[in-house]
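Read through the structure below, which is laid out as structure tokens, and then see the notes.
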Amino acid sequence: MQIPSFSNTIIQWYNQNKRDLPWRNNKDPYSIWLSEIILQQTKVAQGTPYFLKFIENFPDVLSLSKAKEEEILRLWQGLGYYSRARNLHKCAKILVEEYNGIFPSDYKTLLKLPGIGKYTAAAIASIGFDAPVPVVDGNVYRVLSRIFGMFDDISNVSTFKLFFNLSQDLLHPKASGAYNQAVMELGALICHPVAPQCEECPFHNQCFALNENKIQLLPVKTKKVKKRSKTIYYIVLKWNNQIALTIRDQDGIWKNLYEFISMETTKEPDEIDLLDHLKTLFHGLPSIHSIGPIGANMQKHILTHRIIYANFIEIELNSTNAVAFKDNKFQWYGIEKADELPKPILIHNYLNEHFF
DNA sequence: AACACGGGGAC
DNA sequence: GTCCCAGTGTT
């Protein structure tokens, strides 16, 4: 296929078929940046409501930089990959303090900012400023490997450069933003990972994978991820219409986020185990009004590297009890102190939907 | 270079 | 269950 015709064809297809998405209304680098961070490893349908919430609460980089991290995490709750939210905040502060609130247009300068890697730097530079830099994401790997018959293993780090160079040769030098979005849009709408809609593809006559019947083989990706599983029992400790929350430690999954009192186990706990756990946490045992059924509402969370089984047990304290989480540990208080609990920043949708 | 990091959807 | 997604930071 002739290189100029590829670029022109895909941009023409894009202009006729692109979705009307809220961050495509303007070329404001702030909204491009925000949308790209939200859409990392995230589908458009899942990310869009978050984008709208953020634009409404923080219409520009200055307002975002002034926000508290907890506010940002609260809006981010349920979206996953929470370091994106923390880096978003860090980046906003750096932009205001060191860049006068103006986005750099240069790929290499963008790359230095927290949360902005090769993909996002290229996306902002090209979509926001039409800099001739190609984006390389999952769609680009899929679309280009199939059309051009590239069997290089995308799990291999060195393969990135092959696709980067090919796409740089292909992109329209004066419309790199349209070109990059066009390749990704084709990957999202037509060239699906499974069962692509080749009859609607503008390249169905030239596509290597379609003509050679090798669609399922491309792109080549050998890396396999081992999945571990573990079980966490959550103790929903209630008293006086309040629920005790704790904070996860600084390492591992959901770090620094709030959750119900949790107990990671290899075996099913019984009532004795639960009460021992509470006794240790609180340096003593409160008086219990009731304990809910154990193992009644198991939830399964399938993550990239692990499956987490989460079980929720409800324990209601007598109204003479009160508890607060302070100085990184639980303490008993009189009832009047119970409102000292921190505002929760939630860890996943189950908590979000069922309790708050 | 390998690994950790979330969650949802398609099949 | 398995695979994938508009990736980045850490070790």
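The values are calculated or read from the model by the stated rules, or taken from the named source; none is laboratory data. No experiment lies behind these values; they were computed from the predicted model shown. Note that we place each Cβ from the backbone using ideal geometry, even for glycine, and neighbour counts take in every protein chain shown.
Some points to look at:
- Test result for A:Lys53, more than 10 Å from DNA strand C (Cβ to nearest atom), out of contact with any Leu (no Cβ under 6 Å at 6 or more places or on another chain), free of Cβ contacts under 8 Å to residues at least 40 places away in the same chain and among the basic types (Lys, Arg): no
Here's the yes/no breakdown for (1) closer than 30 Å to A:Cys191 by Cβ; (2) buried (at least 16 other Cβ atoms within 10 Å of the Cβ); (3) not aromatic (Phe, Trp, Tyr):
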site	(1), (2), (3)
A:Ile215	yes, yes, yes
A:Tyr234	no, yes, no
A:Lys255	no, no, yes
A:Glu264	no, no, yes
A:Leu275	no, yes, yes
A:Thr280	no, no, yes
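- For region A:285-310, taking the residues that are in contact with a helix residue (DSSP H, G or I) (Cβ under 9 Å, 6 or more places away or on another chain) and modelled with pLDDT of 75 or more, the one that is nearest to DNA strand C (Cβ to nearest atom) is identified as A:Ala310.
- Residue satisfying condition, being within 14 Å of DNA strand B (Cβ to nearest atom), within 28 Å of A:Lys118 (Cβ to Cβ) and of a type in the set (Ser, Thr, Tyr), within set A:Ser158, A:Ser176, A:Ser167, A:Ser229: A:Ser158
- All of A:Cys201, A:Cys191, A:Cys207 fail the test of being more than 16 Å from DNA strand C (Cβ to nearest atom) and within 20 Å of A:Tyr141 (Cα to Cα), apart from A:Cys207.
- Matching residues, region A:215-234, being farther than 21 Å from A:Val136 by Cβ and not in a helix (DSSP H, G or I): A:Lys224, A:Lys226, A:Lys227, A:Arg228, A:Ser229, A:Lys230, A:Thr231, A:Ile232, A:Tyr233, A:Tyr234
- One residue stands out in region A:117-134 among those that are β-branched (Val, Ile, Thr) and either more than 6 Å from DNA strand C (Cβ to nearest atom) or crowded, with 24+ Cβ neighbours inside 10 Å (or both): the one that is farthest from A:Leu170 (Cα to Cα), namely A:Ile124.
- Boolean, A:Glu199 is within 16 Å of DNA strand B (Cβ to nearest atom), of a type in the set (Asp, Glu) and part of a helix (DSSP H, G or I): yes
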